[in-house]
Every structure is written in structure tokens, then in C-alpha cells.
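Right, one structure below, let's go through it.
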Amino acid sequence: IRMVLIGPPGAGKGTQAPNLVEKFHACHLSTGDMLRSQIAKNTELGQEAKKIMDQGGLVSDEIMVNMIKDELTNNPACKNGFILDGFPRTIPQAEKLDQMLAERGTPLQRAVELQVDDDLLVARITGRLIHPASGRSYHKLFNPPKVDMVDDVTGEPLIQRSDDNADALKKRLAGYHAQTEPIVDFYKKTGIWSGVDASQPPATVWDEILKSLS
Ligand code: ADP
Ligand code: ADP
Ligand code: ADP
């Protein structure tokens, strides 16, 4: 499958993506995770991205599109398709993505929107725990790890993202509504959009994603 997951921070994109990867043997490309990994490796791209991310800005479209294109071309896990998460974030990014994918002959097939009201997202984001190396996420109350503060799979420590606080969330949500939500209409026009009520428990959300894709 070739699809994008759309939704505000905390909607459950990172939680549902592994289900999609397993079901469709596709790769999961989270641009936030990819940028944080570039920063951790202290690459040139990472150094440039860090400055922008620290100020709450958006990394340039050119960098983002090239990063995705590279991964689609070189990551063998992407040969059967891809799940994009965190990209596109703006209408111009959606247009550039379409152009890049058309050039490769691999157009998008689906855009699934995870819909959650803002007031539910504060609790999700402030309780979120992350395993940085894999991008796996847990929740202090809603999805606790088997052992306190360590990853179930690797036993490595979990962290809280520095931007996962109520204040930063407010800004990210405002940015989402202003810049990202308009891409929903963009994909409605091309006929590949479907919406899912993502305020329900994770297993129910997964059932509805599958239904919406069939
Ligand atoms: P996103 O990738 O969209 O920002 P995550 O998948 O990281 O969101 O989820 C944000 C937080 O909410 C995580 O701590 C996750 O465990 C939790 N979460 C995800 N889906 C649900 C759900 N359906 N119900 C309750 N909590 C959820
Ligand atoms: P299903 O489990 O849905 O019946 P298959 O096992 O028949 O799917 O595989 C479907 C496609 O995915 C095939 O092209 C296969 O080569 C590929 N594939 C299967 N497992 C994996 C995997 N773990 N990683 C990447 N591609 C895989
Ligand atoms: P969020 O949980 O707020 O959706 P992400 O983990 O997706 O955050 O992204 C973290 C940061 O990485 C963003 O605030 C932004 O600076 C940068 N970033 C991620 N994806 C993109 C993108 N598609 N375009 C530009 N910048 C991006």
C-alpha cells in the first residue's frame, strides 16, 4: 500500500503505523523520527534541522522531499509500499509529494485521517513515553510498558520528548489546524481520503482503519 496517515500530535499515528507495516509489509516513514535520528547522529542535515526544530519551525520542503525520496529509493522495506507519518504537513508539501511520486510511477493510493478532538490530546501527549531508537511509543496510563520506564522489546530506557508538554502542544496544535488540516480537503478532492474516529481504544481504531481501507 502507498498511503499517508494524517492527524494532530497524539492522534495515534505512531501507535497504528506498526499495525499497517505488519499487515501490508510496507515501510513506516515518520519524518519526525527521521529528523531526530539525523540529529542524534549529528549529520549535517541533523545540525541544520535541529536549529529549526528547536524554534518550532518547519524544515524546508526541499530537504523533506529529498529525505523521503532517498528513503523510498534506498530502503528495501519500502519496496511493497510505504506509510507516511508527519509528511506532508502543508499543501505545498502535498503538491511536491504528488509530483515526486508521479515521477517514480508510485502515486498515493490512500490518505487516512485520524480524527480526535483537541481536548483529548493533552492527556495523550503529556503521558507519552518514547523509545528513541525505534520510535515505539507508550503511555503512562493508557498503554504502560511491561516494566516501568523501559522498552518492552529492547529493555532500553524510555524518555519523554522535550516538546511533549501542554504549552508546546498548544503551539503544535495551532500549527496543525492552520497548516496541516487543509491537506484533508486536498485529498478529499483527489478521492483518496477516509476519516476514522481515533478517540476510541487503539484496537477499535485499528479495526476502523482496516475497514476504511477495504
Ligand atoms: P502521534 O504519533 O499521532 O503523535 P502516538 O501514536 O504517539 O501519536 O500517541 C500519542 C500517545 O497517546 C501515546 O502515549 C500513545 O500510547 C497514546 N495513544 C495512542 N492511541 C491511543 C488511543 N486510541 N487511546 C488512548 N491513548 C492512545
Ligand atoms: P500476506 O502475509 O499478507 O499473505 P505475503 O507473505 O504473501 O503477504 O507477502 C506479500 C508481499 O510482501 C510479498 O511481495 C512478499 O515478498 C512481501 N513480504 C512478506 N513478508 C515481508 C516482510 N517481513 N518484509 C517485507 N516484505 C515482505
Ligand atoms: P509532532 O508530534 O508535533 O507532529 P513530529 O515528530 O512529527 O512532531 O515532528 C517534530 C518536528 O520535526 C516538527 O516540529 C518540525 O520542526 C519537524 N518536521 C517533521 N516533519 C516535518 C515536515 N513534514 N516538514 C517540515 N518539518 C517537519
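Miscellaneous remarks
- Per-residue [θ]222 nm for the chain (sum of -39500 (n - 2.57) over DSSP H runs n ≥ 4, rounded to 500): -14500 deg cm²/dmol
- Surface calculation, 1.4 Å probe, protein heavy atoms: K170 sits at approximately 150 Å² accessible.
- Dipole magnitude for segment 54-121: computed about the Cα centre from +1 point charges on Lys and Arg Cβ and -1 point charges on Asp and Glu Cβ, it is near 460 debye.
- Hydrodynamic radius (Kirkwood) for segment 1-118, which is based on Cα pairs only, to one decimal in Å: 14.7
- Inter-centroid distance (Cα atoms) of segment 18-82 relative to segment 150-214, Å: 16
- Residues of the chain: accessible area per residue with a 1.4 Å probe, Å²: 53
- Ligands, DNA and RNA excluded, the heavy atoms of E22 present near 140 Å² of accessible surface to a 1.4 Å solvent probe.
- Projecting the Cα atoms of A168, P157, F142 onto the charge dipole of segment 128-214, computed from C-beta unit charges around the Cα centre, puts A168 farthest toward the positive end.
- Nonlocal amide H pairs with G7, under 5 Å, H built at 1.01 Å: L114
- With all protein chains in place and a 1.4 Å probe, the accessible surface of segment 1-119 carries 46 percent carbon and sulfur.
- Tensor-based shape of segment 150-214 (alpha-carbon gyration tensor, a/c under 1.5 rounded, otherwise prolate or oblate): oblate
- Taking other residues whose beta carbon is less than 10 angstrom from the beta carbon of D164, and scoring Lys, Arg as +1 and Asp, Glu as -1, yields +3.
- Probe 1.4 Å - accessible area at I125, Å² to nearest ten: 0
- Karplus-derived 3J(HN,Hα), 6.51/-1.76/1.60, for each residue of segment 66-80, Hz, glycine and proline x: 5, 4, 5, 4, 4, 5, 4, 7, 9, 8, x, 5, 8, 5, 9
- When +1 charges are put on Lys and Arg Cβ atoms and -1 charges on Asp and Glu Cβ atoms, the dipole computed for segment 7-164 relative to its Cα centre reaches about 300 debye.
- Pairwise FRET efficiency - T190 versus K23, Cβ, R0 = 22 Å, nearest 0.05: 0.40
- Most to least accessible of E44, E113 (protein chains only, probe 1.4 Å): E44, E113
- Computed packing ranks the peptides 72-82, 190-200 as 190-200, 72-82, most packed first, by mean other Cβ atoms within 10 Å.
- Projecting the Cα atoms of I68, Q55, H25 onto the charge dipole of segment 5-83, computed from C-beta unit charges around the Cα centre, puts H25 farthest toward the positive end.
- Accessible surface of segment 121-171, 1.4 Å probe, proportion on carbon and sulfur as whole %: 58
- Prolate/oblate/rounded call for the chain, Cα gyration tensor, a/c under 1.5 rounded: rounded
- Convex hull volume of segment 1-57 per residue (C-alpha atoms, cubic angstrom): 103
- Anisotropy class of segment 36-97 from Cα gyration tensor, a/c 1.5 cut: oblate
- Diffusion coefficient (Stokes-Einstein, Kirkwood radius over C-alpha pairs, 25 °C, 0.890 mPa s) for segment 124-185: 190 µm²/s, rounded to a whole number.
The values are calculated or read from the model by the stated rules, or taken from the named source; none is laboratory data. Only a predicted model underlies this, so the values are computations on that prediction, with no experimental measurement involved. Cβ: placed from backbone, ideal geometry, glycine included. Neighbour counts: every protein chain shown. Surface areas here come from the heavy atoms of the whole protein model, side chains and all, with no ligands, DNA or RNA. Shrake-Rupley method; radii C 1.70, N 1.55, O 1.52, S 1.80 Å.
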